[in-house]
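*Asks:* Mind having a look at this structure? Questions to follow.
The values are calculated or read from the model by the stated rules, or taken from the named source; none is laboratory data. Remember, it's a predicted structure, so these values are computed and weren't measured experimentally. Counting neighbours? That spans all protein chains shown, and the Cβs are built from the backbone with ideal geometry, glycine included. In case anyone asks, the SASA skips ligands and DNA or RNA and just uses the protein heavy atoms, side chains included. Shrake-Rupley method; radii C 1.70, N 1.55, O 1.52, S 1.80 Å.
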Amino acid sequence: MINVITGKAWKFGNDVDTDQIIPSQYLLLPNVEEMKQYTFEPLDENFASTVCPGDIIVGGENFGSGSSREQAPLVLKALGISAVVAKSFARIFFRNAINIGLPVVICKEVYDAVEQNDTLEIDVLKGTIKNVTEDRNFTSTKLPAHVMNILEAGGLIGFLNKK
């Protein structure tokens, strides 16, 4: 069961849209494994080569806005991102992330209290985030049981296949 997620923070700003997460010119590549090397290319051209499995994305307001392309959360998951925390999410990005089994958590305070590479610890059931580097605690949204069941199944398709 996914309860606590620990990872290094990658901090991005407000209004990060899906074209910044995975630029449209790479959507014609045959699969996500080939697309993932271009993740966040407009914002940090070295991101895909330096991110580590388990790392956590921290965004400001309206993370994942723009198109409804599901490749945006897919490339994050393919790179091993363990969760995305933001002040707020674009509705479709939030739903697409849950559908593919990528935890997304809303926390208004953590963005301003996190620096790049800080270590975060997210308890998705309790609704808490700890900045381990700064020894500071925050309250976040709790993921309800039905969402946790989807995440634990690896996404909506895995969840439905279990039934």
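*Asks:* Out of the residues in region 27-82 meeting the condition of being of a type in the set (Asp, Glu) and outside any helix (DSSP H, G or I), tell me which one is farthest from the chain's Cα centre (by Cα). Spell out how you get there, then give the answer.
*Replies:* Going residue by residue through region 27-82, those that are of a type in the set (Asp, Glu) are 33-34, 41, 44-45, 55, 61, 70.
Of the ones still in play, those that are also outside any helix (DSSP H, G or I) are 41, 44-45, 55, 61, 70.
Values: Glu41: 16, Asp44: 16, Glu45: 18, Asp55: 9, Glu61: 14, Glu70: 13 Å.
Result: Glu45.
*Asks:* Residues Leu102, Leu151: which one is assigned to a loop (DSSP other than H, G, I, E, B) and open to solvent by less than 30 Å² (accessible area, probe 1.4 Å)? If you could, list the steps in order and put the result at the bottom.
*Replies:* Numbers: Leu151 fails: assigned to a loop (DSSP other than H, G, I, E, B).
Criteria check complete, one pass: Leu102.
*Asks:* Taking the conditions exactly as written (of a type in the set (A, V, I, L, M) and open to solvent by 10 Å² or more (accessible area, probe 1.4 Å)), does Leu76 satisfy them or not?
*Replies:* no
*Asks:* Go over the candidates Val51, Val124 one by one and state the one that is of a type in the set (Val, Ile, Thr), surrounded by 19 or more Cβ atoms within 10 Å (Cβ to Cβ), on the phi < 0 side of the Ramachandran plot and at pLDDT below 95. If you could, list the steps in order and put the result at the bottom.
*Replies:* Working: Val51 fails: at pLDDT below 95.
None of the others qualify; the one that does is Val124.
*Asks:* Let me ask you something else. For region 75-83, state whether one or more residues are within 23 Å of Leu156 (Cβ to Cβ), of a type in the set (Gly, Ala, Ser) and out of contact with any strand residue (DSSP E or B) (no Cβ under 7 Å at 6 or more places or on another chain). Full working, then the answer.
*Replies:* Quick first cut of region 75-83, residues within 23 Å of Leu156 (Cβ to Cβ) only: 75-83.
From the residues that got through so far, the ones that are of a type in the set (Gly, Ala, Ser) too are 78, 80, 82-83.
Narrowing the set further to residues that are out of contact with any strand residue (DSSP E or B) (no Cβ under 7 Å at 6 or more places or on another chain) leaves 78, 80.
There is at least one residue in region 75-83 that is within 23 Å of Leu156 (Cβ to Cβ), of a type in the set (Gly, Ala, Ser) and out of contact with any strand residue (DSSP E or B) (no Cβ under 7 Å at 6 or more places or on another chain).
*Asks:* Is it true that some residue in region 85-95 is more than 24 Å from Phe47 (Cα to Cα), open to solvent by less than 70 Å² (accessible area, probe 1.4 Å), modelled with pLDDT of 95 or more and not charged (D, E, K, R)?
*Replies:* no
*Asks:* Is there a residue in region 132-149 that is touching a residue at least 40 places away in the same chain (Cβ under 8 Å), on the phi > 0 side of the Ramachandran plot and out of contact with any Phe, Trp or Tyr (no Cβ under 8 Å at 6 or more places or on another chain)? So that I can check it myself, show each step before the final result.
*Replies:* Of region 132-149, the ones touching a residue at least 40 places away in the same chain (Cβ under 8 Å) are 132, 140, 143, 147-148.
Now drop any that are not on the phi > 0 side of the Ramachandran plot, which leaves none.
Checked region 132-149: no residue is touching a residue at least 40 places away in the same chain (Cβ under 8 Å), on the phi > 0 side of the Ramachandran plot and out of contact with any Phe, Trp or Tyr (no Cβ under 8 Å at 6 or more places or on another chain).
*Asks:* Can I ask one more? With the condition kept exactly as written, say whether any residue in region 36-44 is touching a strand residue (DSSP E or B) at 6+ places or on another chain (Cβ under 9 Å), open to solvent by 10 Å² or more (accessible area, probe 1.4 Å), among the charged types (D, E, K, R) and over 20 Å from Phe94 (Cα atoms). Lay out the reasoning, then the answer.
*Replies:* Initially, region 36-44 is screened for residues touching a strand residue (DSSP E or B) at 6+ places or on another chain (Cβ under 9 Å), giving 40, 44.
After this cut, where a residue has to be open to solvent by 10 Å² or more (accessible area, probe 1.4 Å) as well, the list is 44.
Adding the requirement that they be among the charged types (D, E, K, R) leaves 44.
Filter once more, so that each one left must be over 20 Å from Phe94 (Cα atoms): 44.
Taking every residue of region 36-44 in turn, at least one turns out to be touching a strand residue (DSSP E or B) at 6+ places or on another chain (Cβ under 9 Å), open to solvent by 10 Å² or more (accessible area, probe 1.4 Å), among the charged types (D, E, K, R) and over 20 Å from Phe94 (Cα atoms).
*Asks:* Also, quick follow-up: Does Pro23 count as more than 14 Å from the chain's Cα centre (by Cα) and open to solvent by less than 50 Å² (accessible area, probe 1.4 Å)?
*Replies:* Numbers: more than 14 Å from the chain's Cα centre (by Cα): yes; open to solvent by less than 50 Å² (accessible area, probe 1.4 Å): yes.
Yes.
*Asks:* Scan (1) polar (S, T, N, Q); (2) in contact with a Gly (Cβ under 8 Å, 6 or more places away or on another chain); (3) closer than 24 Å to Ile150 by Cα for the single condition Asn31 breaks and write down its number.
*Replies:* (2)
*Asks:* Which one is nearest to Phe12 (Cα to Cα) among residues in region 128-163 that are modelled with pLDDT under 95 and touching a strand residue (DSSP E or B) at 6+ places or on another chain (Cβ under 8 Å)?
*Replies:* Thr141
*Asks:* Just one of the numbered conditions (1) β-branched (Val, Ile, Thr); (2) within 17 Å of the chain's Cα centre (by Cα); (3) assigned to a loop (DSSP other than H, G, I, E, B) is not true of Thr133; which one?
*Replies:* All conditions pass for Thr133, except number (2).
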